[in-house]
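J.: Sharing a structure here in C-alpha cells format.
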Amino acid sequence: MTGDRPAHDRAGYYDALGGRPARDTLVQAADAFGREGDRPRHAVDFGCGDGRDSLELLRRGWAVTAIDLTAEGLDRLTRRAGPAATLVTIQAPIEDVEWPRSDLVAASHALPFCPRERFDGLWERFVASQPSGGRFAGHLLGPNISWTDVATTRAS
C-alpha cells in the first residue's frame with residue numbers, strides 16, 4: 001500500500017464484487033457521448049479497482065487510462081480486458097499521478113480518499129484535463145454516508 005493508507009483484503013473485496021456491471025453514472029456519461037457521434041474517445045478511470053467501469057468503456061471502443069493504488073486491481077483489469085484493449089494502467093495515488101487529456105474523467109468512490117489539502121488541486125487538474133464538452137462521472141460522499149468518517153480519517 002502507498003503512503004499512510006491502510007491495507008485491506010483487496011483480493012477478497014474484488015472476489016466478492018467481481019462481475020458487477022459498470023456504475024450508472026459512468027453508463028449515463030458514456031451513453032451521452034454515444035449520442036454525439038462515434039469518434040474515438042479517451043477516458044481516465046481514477047480508483048479503477050478491478051475495472052468494472054474501465055471494462056465498459058473498453059467494450060464501447062474507448063481508450064482508457066486506469067489508475068489505482070493496488071497492483072491487484074490493475075492486474076485483474078488487465079487480465080479481463082485482454083491484449084487487444086486500448087488500456088494504459090498506472091499504479092499510484094490519484095493525487096500524485098499525471099494523466100492525458102480525456103473526454104471523460106471517472107472517479108467512482110476514489111475522491112473521498114484524496115488528502116483534504118490536495119483535493120482542490122486535484123479537481124482543478126480534472127477540469128484542465130478535459131476539452132470543451134468533457135464530462136465527469138463519479139461519486140462524492142455527503143456527511144450522512146457511513147464511509148465519511150473512514151475517508152476523512154484516512155485523508156487527513
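The values are calculated or read from the model by the stated rules, or taken from the named source; none is laboratory data. Worth saying up front: this structure is predicted, and the values here are computed from it rather than measured. Note that we place each Cβ from the backbone using ideal geometry, even for glycine, and neighbour counts take in every protein chain shown. In case anyone asks, the SASA skips ligands and DNA or RNA and just uses the protein heavy atoms, side chains included. Shrake-Rupley method; radii C 1.70, N 1.55, O 1.52, S 1.80 Å.
J.: Given the options Leu77, Leu140, name the one that is surrounded by 14 or more Cβ atoms within 10 Å (Cβ to Cβ) and either modelled with pLDDT of 95 or more or not β-branched (Val, Ile, Thr) (or both).
T.: Checking each option against the conditions leaves just Leu77.
J.: Just to check your reading of the model, which residue among Thr65, Thr70 is polar (S, T, N, Q) and touching a residue at least 60 places away in the same chain (Cβ under 8 Å)?
T.: After applying the criteria, what remains is Thr70.
J.: Checking the condition more than 19 Å from Ser54 (Cα to Cα) and hydroxyl-bearing (Ser, Thr, Tyr), which residue from Ser132, Ser102 passes?
T.: Just a single option satisfies the conditions, and that option is Ser132.
J.: Consider region 35-44. How many of its residues are under 20 Å from the mean Cα position of the chain (by Cα) and in a helix (DSSP H, G or I)?
T.: Adding up the residues that qualify gives 0.
J.: Within region 115-129, which residues are open to solvent by 60 Å² or more (accessible area, probe 1.4 Å) and either assigned to a strand (DSSP E or B) or touching a residue at least 40 places away in the same chain (Cβ under 8 Å) (or both)?
T.: Selection gives Arg116 alone.
J.: Let me ask something else. Can you tell me how many residues in region 93-114 are part of a loop (DSSP other than H, G, I, E, B), open to solvent by 20 Å² or more (accessible area, probe 1.4 Å) and not hydrophobic (A, V, I, L, M, F, W, C)?
T.: Count: 5.
J.: In addition: Please name all residue pairs, on different chains or six or more residues apart, with Cβ atoms under 8 Å, provided the first residue is in region 36-52 and is in contact (Cβ under 8 Å) with a residue 40 or more places away in the chain and the second residue is part of a loop (DSSP other than H, G, I, E, B) and buried (at least 24 other Cβ atoms within 10 Å of the Cβ).
T.: Partner pairs satisfying both residue conditions: Asp45/Gly51.
J.: Among the listed residues Asp31, Asp4, Asp68, Asp15, which satisfies the condition of being in contact with a strand residue (DSSP E or B) (Cβ under 8 Å, 6 or more places away or on another chain) and either modelled with pLDDT under 95 or surrounded by 21 or more Cβ atoms within 10 Å (Cβ to Cβ) (or both)?
T.: On inspection, the qualifying residue turns out to be Asp68.
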